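The values are calculated or read from the model by the stated rules, or taken from the named source; none is laboratory data. The model shown is predicted, which means the values in this text are computed figures rather than measured ones. Cβ placement follows ideal geometry from the backbone for every residue including glycine, while neighbour counts extend to all protein chains displayed. Accessible surface is based on the protein model in full, side chains and every heavy atom, while ligands, DNA and RNA are left aside. Shrake-Rupley method; radii C 1.70, N 1.55, O 1.52, S 1.80 Å.
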Amino acid sequence: MSTRKPKPRNALMPTRRDIQFKLPAEKISTWNRDSEHLSHFMNTLSLFFPVGERFFIDAVRNYRDRITDPELKKAVTAFIGQEAMHGREHEEYNEAMFAAVPVSKDMERFVARLLARLQKDLPPSFRLSATIALEHFTAILADALLKDPRVLEQADPRFAALWRWHALEETEHKAVAYDVWATVMGKGPGQYLLRSGGLLAASVILWSIAIPFYLRVLHSEGKLTDVAGWRWFLRFSFVESRFFQKLARPWADYFRPGFHPWDHDNRHFLKDIDRVAAQLQAA
């Protein structure tokens, strides 16, 4: 039986881009369509990013010395650089959230403590499994956002720019952590079970934290019982855009034994990424 490690498929080389967005903090609660329900849903996701991306960086960096392919090693360095920039910009974003909704600071601390505990207690292979699972999840969220311009078309321009930039770069590097996994873990039933179990566990943990966080934010803003706000948000999310339904099939495809992130080939979104990045930097 061959023990040769699989080579990365359809690799794209990510690029670290240093872009600052200078978000208007006073718009934090209503930056998207003047809806606190939609704005705070996305704000709640942002609370996970800085600490989550540091977890991803550490999980991938742990295996960097075992990578011999020079292109993959270069891609790992760029992945780390991109995630560091995402973390920095979402830290500024989250500071605006903390000022407007103080309870959100406690939420970020909870996530930080949880990931620190996992960092301490889980072996490196489990941490890498969680990383490729959550990288898949962020990649399919990014794809859904890029495919449906309605999600951001009536948003404040600077917040919209940050989310588009983040989605583009998540797309650009969506296979890097996975290719590290494939290189160091190889193939076999044990690898498959650990990979698949990572997505199941990560999905349950993520939503079991994010949904209560979101409801807590709305409660602190006096919007938890806003029936009209809920009606609009649910109609927009599940009927007009069908945003969440569109995640189901690509999420489930992860469990296919031969899955690779670039099987969902959406690189056409990246054809103008450097031009878009230059425009964002100039703005």
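Based on what the data block shows, is residue 69 in contact with a Pro (Cβ under 9 Å, 6 or more places away or on another chain), more than 18 Å from residue 215 (Cα to Cα) and at pLDDT below 95? So residue 69 passes the test.
May I ask you to list pairs of residues, at least six apart or on different chains, whose Cβ atoms are under 6 Å apart, with the first in region 13-30 being over 29 Å from residue 79 (Cβ atoms) and the second being in a loop (DSSP other than H, G, I, E, B)? If the second residue must be in a loop (DSSP other than H, G, I, E, B), the pairs left are 27/156. Of the numbered criteria (1) open to solvent by less than 40 Å² (accessible area, probe 1.4 Å); (2) at pLDDT 95 or above; (3) closer than 27 Å to residue 29 by Cβ, the one residue 221 fails is (1). Just to be sure before I move on: is residue 271 open to solvent by less than 50 Å² (accessible area, probe 1.4 Å) and closer than 28 Å to residue 21 by Cα in the structure I sent? So residue 271 does not fit the description; no. So, residue 235, is that one open to solvent by 60 Å² or more (accessible area, probe 1.4 Å), touching a residue at least 24 places away in the same chain (Cβ under 8 Å), over 25 Å from residue 129 (Cβ atoms) and part of a helix (DSSP H, G or I) or not? In short, no.
Do we have residue 229 as surrounded by 12 or more Cβ atoms within 10 Å (Cβ to Cβ), more than 24 Å from residue 171 (Cβ to Cβ) and either more than 22 Å from the chain's Cα centre (by Cα) or at pLDDT 95 or above (or both) here? Here the answer is yes, as residue 229 does meet what is asked.
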